[in-house]
Amino acid sequence: MRIRSLVLSLAVAAVSLWPVAVAPAACASEAQSAVLVVDTGETVLNFCVTLPVDSVSGIELVKLASKQHGLSYKLGFGGAAVCHLAGVGPTGSDCFEQDPDFWGYWRGDGSGGWTWGSTGAGSTSVTDGSVEGWAWGSGTGPETHPAPPATRFADVCVPADPGGKKEGGGSDKEPAAPQESESKPAPAPGSGSSSNRDDAPKKERSRDKGNKLPAKKRTPQSVETPAPAATPSPVPTSSSTELAGSELASDSDGGPPAAGVAALAGTLVLIGGGALVARRRRTQ
Amino acid sequence: MNSELSATSHAYRDSARMVHPVAWLVWAGCAGLAAVTTTNPFYLLPLFASAWIVHSTHRTSGPAARSFRIFLLFAVWAITIRTGLVLLGPINQGSVANALLEGLRLGALLTVFGTFNSVADPFRVLKLAPRRWHESALAAALALSIAPRTIASVERVREAQRMRGIDIGRWSGLPSLAVPVLATGMDEAMTLAESMDARGHGRGTRTRYRPDRWSPAATAVTAIAGLAAAAFVAAAIGGWGGLEPSTFPLVWPEASPALVASALAFAAPALVAPGRRR
């Protein structure tokens, strides 16, 4: 009976903790964004990704780009590496399945050039104004691996307008940006390995239209404000994909999810029950 | 409760509500599978707790049960070492949390394994292996049982030393402990091999002495563990449930009620504890 009542109380605890609402999150105060450049070798995709928190990892940035702009991706090696982006790369969890080609990780140096990502994308820090690049190709170092076309933050992310509502303005400026970047390739030191550097931005522009990306490339405010508003839903745990988004958006100050609290309560109940049983057995 | 009655009929009830060794094997396999798919503490902690309550309700008497404590120590050690390894790389909140969670996963695996060791006798599992796999199963059983046997022999050597008045410190006495333990292990292995040879092991003859019965409890344990593991595998394949939470930025991981329930379901064998009620 004792065990059964323990389990019963566990169930009661789980049910009673269920409706604990996740604290409504404060809206992202000011929009922060980072640029993600995905160079598949044939196509170059540029994303202006809104950051829900001050700093995310390179991997998180890819996930955010997927959430905000529909970039397809697949992580491997336990979520620590990028295997597959924008339809290119192995779809399994072995990111080197198509060796020698793999997704090289580049980080913007702030002036349009690229430096080879020397640490894993799961442990880098992407902040407001960062530029991150992924390039498909062979070569295990910065000398041999192709780098994405030179890209500066302002080429992709239109500076936030104080008015904030200028969606048309965003897409107007968008085509203008690559012109800027076309003048840049010369100063970029690390990007001389490929001859298609200069025409890449044009290609990108044309593909972008095909992928209806410009529609989503809006100013950060217009992209992100709806997401936190969805968070205070009382049963956020039922839909995991939705949850992932709202969690990320809300967690600068949110508590654990209700199911998580229930999990911890269940843990405590089981440990307590186990200790009780262990003591009874010892005294018997 | 009437303790005499429960004491006298203890053995009977034990056999009636005993969970078949193969069911334990399935339980441990499923719990281990669930542990390796996730680093989410909201799933790993209930898994830990489930293993603990199963151990405390089902542990056998004898040295094998004591191995649980050793595996628990191993688990703590694994978590500590894994977290300590962060010092070799870039240190920030996220990397420490990541290492901690990966250590937690290792620890959960070790705890599950320790539970299996303490609730099921590896040699009873061996007995059930199909004949053609007998030799590989034997090797596996020997590997499985090395921890409990070593612990038992450590205890014997310690006791022998105490009885002879040799009171040595915990760490300084390590060499004088290790040598007899290794020698005992060698002797035991030889004895085991000889005795098995004498009983015709590996020659295709098998004993039917004291067959293990497959009880309804075993069916329940197997089914529940299988379902719970299936939930984790489905989540891993489908990519839902936040199995590998982000540690950079460090946020509260999401928790899927289905997976939390699955992790807690591994405690189900506690409901059919032998020698408990009635």
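Output the number of the condition that B:Tyr43 fails; it satisfies all remaining conditions of (1) closer than 23 Å to B:Ala270 by Cβ; (2) buried (at least 17 other Cβ atoms within 10 Å of the Cβ); (3) under 17 Å from the mean Cα position of the chain (by Cα).
Here B:Tyr43 meets the rest and fails (3).
Where in segment B:32-143 are the helices (runs of 4 or more DSSP H), entirely inside, with at least 3 residues that are farther than 26 Å from A:Gly272 by Cβ and out of contact with any Pro (no Cβ under 6 Å at 6 or more places or on another chain)?
Per the criteria, B:63-84, B:93-119, B:122-127.
Name the residue that is modelled with the lowest pLDDT, counting only residues in segment A:247-282 that are of a type in the set (S, T, N, Q) and either under 27 Å from B:His55 (Cβ atoms) or crowded, with 24+ Cβ neighbours inside 10 Å (or both).
That would be A:Ser250.
Any idea which of B:Arg277, B:Arg203 is surrounded by fewer than 19 Cβ atoms within 10 Å (Cβ to Cβ), more than 11 Å from every other protein chain (Cβ to nearest Cβ) and either modelled with pLDDT under 80 or under 27 Å from B:Arg149 (Cβ atoms) (or both)?
Exactly one residue qualifies, and that residue is B:Arg203.
For segment B:225-258, name all the residues that are in a strand (DSSP E or B) and either surrounded by 24 or more Cβ atoms within 10 Å (Cβ to Cβ) or touching a Pro at 6+ places or on another chain (Cβ under 8 Å) (or both).
B:Thr247
So, in segment B:172-187, exactly how many residues are surrounded by fewer than 12 Cβ atoms within 10 Å (Cβ to Cβ) and outside any helix (DSSP H, G or I)?
1
Please enumerate the residues belonging to segment A:44-70 that are part of a loop (DSSP other than H, G, I, E, B) and touching a strand residue (DSSP E or B) at 6+ places or on another chain (Cβ under 9 Å).
Within segment A:44-70, A:Pro52, A:Val53, A:Asp54, A:Ser55, A:Ser57 qualify.
Which residue is modelled with the lowest pLDDT, if the candidates are limited to segment B:259-274 and must be within 9 Å of another protein chain (Cβ to nearest Cβ), in a helix (DSSP H, G or I) and buried (at least 24 other Cβ atoms within 10 Å of the Cβ)?
B:Ala270
Quick check, is B:Arg82 over 13 Å from the mean Cα position of the chain (by Cα) and more than 10 Å from chain A (Cβ to nearest Cβ)?
Spelling it out, B:Arg82 is indeed over 13 Å from the mean Cα position of the chain (by Cα) and more than 10 Å from chain A (Cβ to nearest Cβ).
From A:Asp101, A:Asp94, which residue is under 22 Å from A:Ala150 (Cα atoms) and in the same structural domain as A:Cys48 (by TED's automatic domain parsing)?
Exactly one residue qualifies, and that residue is A:Asp101.
The values are calculated or read from the model by the stated rules, or taken from the named source; none is laboratory data. Note that the coordinates shown come from a computational prediction; the quantities given were computed from them, not determined experimentally. Every residue, glycine as well, gets a Cβ built from its backbone with ideal geometry; the counts of neighbours run over all protein chains shown.
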